[in-house]
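The values are calculated or read from the model by the stated rules, or taken from the named source; none is laboratory data. Not measured: the values here are computed from a predicted model. A quick note on method: Cβ atoms are made from the backbone with ideal geometry, for glycine too, and the neighbour counts reach across all protein chains shown. Surface accessibility is based on the protein's heavy atoms, side chains included, excluding ligands, DNA and RNA. Shrake-Rupley method; radii C 1.70, N 1.55, O 1.52, S 1.80 Å.
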Amino acid sequence: MSNKDELYEKLIKTMKSKNYRDEDIDFVKRGYAFAEEKHRLQKRASGEDYIIHPISVAIYLAEMNVDREMIATGLLHDVVEDTDVTLDQLKEMFGEPVALLVDGVTKITKLKSSSHNERQSETIRKMLFAMIKDMRVIIIKLADKIHNMSTLEFLPLEKQRRIAKETLEIYAPLAGKLGLGLVKNELENLALKALKPNIYEQIIKFSKAAESEKSDIIAQVSKKLNQKFEKSNIKYTIKSRVKHYYSVYNKMRKYNKKIEDIFDLYGIRIITETVEECYAVFGIVHSIFKPVPGRFKDYIANPKSNGYKSLHTTVMVGKRKALEIQIRTGDMDRFNEYGIAAHWLYKTGEPAGGTSDLRWLENLKKVQNDELSSEDYYQTIRNDILSEEMYIFSPKGDIYEMPRGATPLDFAYRVHTEVGHRCKGAKANGQIIPLHAQLKNGMIVEIITGKELAPKMEWISMVKTVDAKKKIRHFFANKEKEKKEQQLSTEKKVVKEQPQNQDITGNKFTPKKIAEKVSAKTGDKIAIEVDGETNLLFTFAKCCKPNPPNEIVGFISRGRGIVIHRKDCKSIEHIVDFEDRKVNVNWVRSSVTNVYSFFMKTEPTNRSYLEISNVVKKFKGAILEYHIDESTNSGDKVDAYFTIELPSNVNIDVVFKEITALPSVQFINAR
Ligand code: MN
């Protein structure tokens, strides 16, 4: 176990090796002296001197090569919370930047909420808030997290697991988003150790056992490369690397393999000076060793969204030995390991080298302003913001960015709330898939919708995005509300009207029902909207003759549908039960549409849908329903049903004719 003097020495050594100026090192030394004095009598849960923690955090920061203020903050980050030191004092001694950084880090930890879940979620909310203001705060917080995770064993078991889980769900992905590859790996390894100690030990054991094999292979590969490169001017270095334990664990889980069956516990990395050399080395590697098909990835031409760049390939280096080789320049290597910390991105707020995609940060900013419950907030951050993204295509070729693990339902709700509510089925790349299936990057997803808005309660647990969950919940909440209102008005009606008026209103006393009973007819130029419903029978009251833009109110009459009065009409005062039977109405512009349903035999491909949709769009209509009876699929044709909505001035015969003429349509008839 290291004591504080050894660690302090290590901190200074690290700074020297990273070429910090003497005055920067002196600045950090001053920070250490002050923090050491203030924490002197305090201990950690491990029994160690408290100062061990801040020095360890500072060492991680120095390794990332961040500015001296950040390293000093690493040393001082707990003095305001845990000792009598004030921010003003820090400002006086170390300047405003350090005081602000310490304040940012302190604010994150200083939270007193009622339940654990709330506290957890609020901590994360504050942390991300601080991050948006100053990226440096989050880098310090992540270094803090690494050290806390590495001393987790001194906490109660239950707490260990909880913290480890949160690290996997939030902190490690966050480090990944920021391009802090080493931090991410470290956090994941430590979380694995806490959550699956046996597997963790196993992986370490096997990695160590593979050590000698590793050096043999590296020697063999280097020798062959050197022979090929002798005449060229390419300068390169070869590094071997042990794969990080968590990724080995993921592989075991994903392929349901034992550790003995995982062949690639280590890989090698070739570092060149220029991008051209990367590709040259790549070509040479493939000319010496046989590549494993499908394992080549060009992240230089197509960097990951966090800015990660590298070439990856897997080659056979022995009869049965596959080896992963990464090829990249020195700059790329630094960036991949230290992300924004390497490029000082947080200072300018500009994406490093213009390569990293910070759209997730924009999404994060939006979420911060949403009024989400603690639980929803946590899930949104975890499932939408920090999860890896994938791209899903609509049949028309529109691209949607979705979080990994999203289902067809998530996609339907992303396209449009209505599409979600009407979703009946889905196809991915032309194949029917279940609504709870996980979509894969690059899939073309077609949503099959029905006429009815028919979300199901169980969808809430099927979807991954909080957005979809919210929309489904909202739907049911509204339905519940409608039901209550309906009950209420039925009750009222029973009391007041039943004796004399059973003939007209029946037993369901809502504007909508009445409108359905009397045939729907809309005004020529002006329409009235009642609770969002436009297809209603109404008449204008003769007493006040309302006209737009008069303020109006509706009265559910016996036999004349809804009678529209001006709000200030004198006669409504004399209608006894006006208050009980009034409805809110608005003027809306009339948009009259007709709905038509068809049966057809068509090609069993996406083409017919696209073609019909183009025709319908041309006439400014919409497809309300489209579904294929897969059981009738004969290979070249299939039964399909669809329902379209067209503006009433469109002649359906013309549309019908155009659809009949489509190459993919073999037969069509009205349903
Ligand atoms: Mn700390």
Inset, instruction - Might you let me know whether segment 286-300 holds any residue that is modelled with pLDDT of 85 or more, open to solvent by 30 Å² or more (accessible area, probe 1.4 Å) and under 17 Å from GLY330 (Cβ atoms)? - result: yes
Legend entry - Pairs with Cβ under 7 Å, 6+ apart, first in segment 609-631 and under 20 Å from PHE667 (Cα atoms) and in contact (Cβ under 8 Å) with a residue 40 or more places away in the chain, second part of a helix (DSSP H, G or I) and open to solvent by 20 Å² or more (accessible area, probe 1.4 Å): VAL615/GLU658; TYR626/TYR609
Inset, instruction - Look through segment 45-57, keep the residues that are within 10 Å of the ligand (Cβ to nearest atom) and of a type outside the set (A, V, I, L, M), and return whichever of them is surrounded by the most Cβ atoms within 10 Å (Cβ to Cβ). - result: PRO54
Legend entry - Index of the failed condition, GLY31 passing every other in (1) more than 13 Å from the ligand (Cβ to nearest atom); (2) open to solvent by 60 Å² or more (accessible area, probe 1.4 Å): (2)
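Run down GLU375, GLU362, GLU350, GLU371 and say which single residue is within 24 Å of GLU122 (Cα to Cα) and either at pLDDT below 75 or not in a helix (DSSP H, G or I) (or both).
None of the others qualify; the one that does is GLU371.
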Inset, instruction - Of the conditions (1) surrounded by 23 or more Cβ atoms within 10 Å (Cβ to Cβ); (2) more than 15 Å from the ligand (Cβ to nearest atom), GLU9 clears all except one; give me its number. - result: (1)
Inset, instruction - Looking only at segment 177-186, decide whether some residue is open to solvent by 40 Å² or more (accessible area, probe 1.4 Å), at pLDDT 85 or above and among the polar types (S, T, N, Q). - result: yes
Inset, instruction - Would you point out which residue out of ASN233, ASN189 is under 26 Å from LEU386 (Cβ atoms) and polar (S, T, N, Q)? - result: ASN189
Inset, instruction - Considering (1) closer than 21 Å to MET332 by Cα; (2) open to solvent by 50 Å² or more (accessible area, probe 1.4 Å), say which one ARG253 fails and leave the rest. - result: (1)
Inset, instruction - Being over 17 Å from ALA33 (Cβ atoms) and either open to solvent by 30 Å² or more (accessible area, probe 1.4 Å) or of a type in the set (Asp, Glu) (or both) is the filter here, so list the residues in segment 83-107 that pass it. - result: THR86, LEU87, ASP88, LYS91, GLU96, PRO97, LEU100, ASP103, LYS107
Inset, instruction - Could you look through segment 386-411, keep only residues that are free of Cβ contacts under 8 Å to residues at least 40 places away in the same chain and hydrophobic (A, V, I, L, M, F, W, C), and pick out the one that is surrounded by the fewest Cβ atoms within 10 Å (Cβ to Cβ)? - result: ILE399
Inset, instruction - List every residue pair whose Cβ atoms sit under 8 Å apart, with the two residues 6 or more apart in sequence or on different chains, where the first one lies in segment 53-69 and is without any contact (Cβ under 8 Å) to a residue 40 or more places away in the chain and the second, anywhere, is within 12 Å of the ligand (Cβ to nearest atom) and part of a helix (DSSP H, G or I). - result: PRO54/ALA35; PRO54/GLY74; PRO54/LEU75; PRO54/LEU76
Inset, instruction - Residue by residue through segment 594-615, note down the ones that are under 15 Å from LYS451 (Cβ atoms) and aliphatic (A, V, I, L, M). - result: VAL595
Inset, instruction - Among the helices (runs of 4 or more DSSP H) lying completely within segment 68-107, list those that include at least 2 residues that are closer than 19 Å to ILE146 by Cα and away from the ligand (no atom under 13 Å from the Cβ). - result: 68-76
Legend entry - Where ILE448 falls short, out of the listed (1) out of contact with any helix residue (DSSP H, G or I) (no Cβ under 6 Å at 6 or more places or on another chain); (2) closer than 30 Å to GLY307 by Cβ: (2)
Inset, instruction - Being open to solvent by less than 50 Å² (accessible area, probe 1.4 Å), closer than 16 Å to LYS366 by Cα and in contact (Cβ under 8 Å) with a residue 24 or more places away in the chain is the filter; apply it to segment 121-130 and report the residue that is farthest from the chain's Cα centre (by Cα). - result: ALA130
